[in-house]
1. Out of all the residues in the range 415-430, is one or more within 21 Å of Met1 (Cα to Cα), open to solvent by 10 Å² or more (accessible area, probe 1.4 Å), among the hydroxyl-bearing types (Ser, Thr, Tyr) and part of a strand (DSSP E or B)?
2. Looking at Ser456, Ser433, Ser444, which one is open to solvent by 20 Å² or more (accessible area, probe 1.4 Å), under 22 Å from the mean Cα position of the chain (by Cα) and among the small types (Gly, Ala, Ser)?
3. Give the residues of the range 238-258 that are open to solvent by 20 Å² or more (accessible area, probe 1.4 Å) and among the aliphatic types (A, V, I, L, M), sorted by residue number.
4. Kindly indicate which of Ile70, Ile53 is within 20 Å of Ser452 (Cβ to Cβ) and of a type in the set (A, V, I, L, M).
5. When you go through Lys362, Lys395 one by one, which is the residue that is at pLDDT 85 or above, under 30 Å from Gly295 (Cβ atoms) and open to solvent by 70 Å² or more (accessible area, probe 1.4 Å)?
6. Looking at the range 462-472, can you tell me whether even one residue there is at pLDDT 85 or above, in a loop (DSSP other than H, G, I, E, B) and either surrounded by fewer than 23 Cβ atoms within 10 Å (Cβ to Cβ) or touching a helix residue (DSSP H, G or I) at 6+ places or on another chain (Cβ under 7 Å) (or both)?
7. Could you please let me know if Arg375 is open to solvent by 30 Å² or more (accessible area, probe 1.4 Å) and not in a loop (DSSP other than H, G, I, E, B)?
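The values are calculated or read from the model by the stated rules, or taken from the named source; none is laboratory data. For clarity, every value in this text was computed on a predicted model and none was experimentally measured. Note that each Cβ is placed from the backbone with ideal geometry, even for glycine, and that neighbours are counted across all protein chains shown. Ligands, DNA and RNA are excluded from the accessible area calculation, which covers all protein heavy atoms including side chains. Shrake-Rupley method; radii C 1.70, N 1.55, O 1.52, S 1.80 Å.
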Amino acid sequence: MRLEVLEEPDLIFGSGKQSIDQKLGLIQHGPCGLSQGRNDPPRVVRAGVVATIPTLANLRQFLQILRQRISPEGESRKKPWLVEFPGLGGKSLLKFDIRIDEDKVETIWPEEEARALAPTNRLEKIENTVKLYEKKVSTLLEVSGAHHPEVLLLPISHETMSQCKDPNLAQEKIIYHRRTMAKRKRQVPTDFPLLDFHNVLKVIGMEHNLPVQVIRPSTLSLRGSGLQDPATIAWNISVAALYKGTGSPWKLADLDMNTCYVGIAFYVEVGEESNLRAAMAQVYLRTGESQVIRGKPFKWTDTRHRDPTLTEEQAHDILEDVVELYRDQWHRDPSRVVVHKRSAFRPTEITGFTSAVGKTEKLDLVHVYHTSSTRLYHLDKGCGYPPMRGTLLTKDGTPDGVLYTSGFVKALGTYPGPAVPWPLRFSCDMLSSDTRTIATDIMSLTKLDWNSTDFSTSEPVTLSVAEKVGEILSETRARGIRNPPQGYRFYM
């Protein structure tokens, strides 16, 4: 057995400067791609808005608050991963701002909202409200002409949220049913195709090539779900808007430029049959780009296995599309392709993936999962901390490893998690590199979730966002979008 601790991956920020911490890197150097000239203007995200009159006023106040310093309410001493939000604006250390383009604001009038919410059936309220937003977004873009906003802010009113939210959920979520691979599914009447309000709003933006930021009422009051402090809410929504509007806030420093990282996931496809499935690929490159490729739907009737499996042809087609995407951007084949999947690779998938990579020299097929029976403990029982993040356990001669992507973080001097962390287990069904390289890739990809400014996530982004992207892809099919956009900014 071999035990080692991997180095914390470096991230690239403004002027090519590096840091291992997302928040500190943005404070010290600004977002990636920005020069550090003292007199350089800030990067501005130009936002359009569709909202009711009171909600628009709340949004304006919220953006003004984001231009001020926001403290994590005295918890930073106990929790050093909570960092004060320094504020947006021209003089901000973050060097970017979010501004409403006043020519791209569309109002939802009180009588319009009242008509949409008039039915007693909750699903009819949701359907009416989606149609109202669809109409307002179209009107806004018709008025704005060719000069579209960079991101569309859709703050939800208190009235809409209270009347449409799922009564079985404590959180502010307007959900009737999710199209996922989960065991529990609620039956949905066939005459009501609208299932997830948030995801449908995302798809409405896609129809106009416009990324959407949906904002809940509690977010506008900086309360969030109750699990996040005001500073963290400010960090997350600001960075998400920056990514959607202008580009990657940070990039990974040490990922190989010639390597293509792919996450394969499955989701329920819209159709008359409940066993219709589709595969999607989440593709990451060192440049910070993240793109989504949707596979063809297929029937899944094998009751022996819970996880869907691709045929040789299906595996070949989806990875061939990935390689073609890389080739179109870089005018060459990748020298290495890494594929992450939550389930083990079947022989048909291995054959199909292998035949799809063309001139690629290396192909790594990595099964990543949480159900590891292996746990590590300190010899010093009084230590009080779990193993360090980056702790890797391998065995010579095997393609497997146990990796702590959550744990004690040396840079923070503590463990930032709420519970005892479980390590990830990875098993390579095809290994052209080595287990240390595989583990280093996973560590790096836990720092590329632009929907969060946490120090790291427990899973690589190739897998952690796959289910959410799949749900939105389901809605694209429901609304008849045959070629959804590939940029991840439309899905997050």
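1. Yes.
2. Ser456
3. Passing the criteria: only Met257.
4. Answer to the check: Ile70.
5. The match here is Lys362.
6. no
7. Here the answer is no, as Arg375 does not meet what is asked.
Residue-wise test of (1) open to solvent by less than 30 Å² (accessible area, probe 1.4 Å); (2) modelled with pLDDT under 95; (3) of a type outside the set (D, E, K, R).
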| position | (1), (2), (3) |
| --- | --- |
| Gly89 | yes, yes, yes |
| Ala118 | no, no, yes |
| Leu123 | yes, yes, yes |
| Ile126 | yes, yes, yes |
| Lys131 | no, yes, no |
| Ser144 | yes, yes, yes |
| Ser157 | yes, no, yes |
| Met161 | yes, yes, yes |
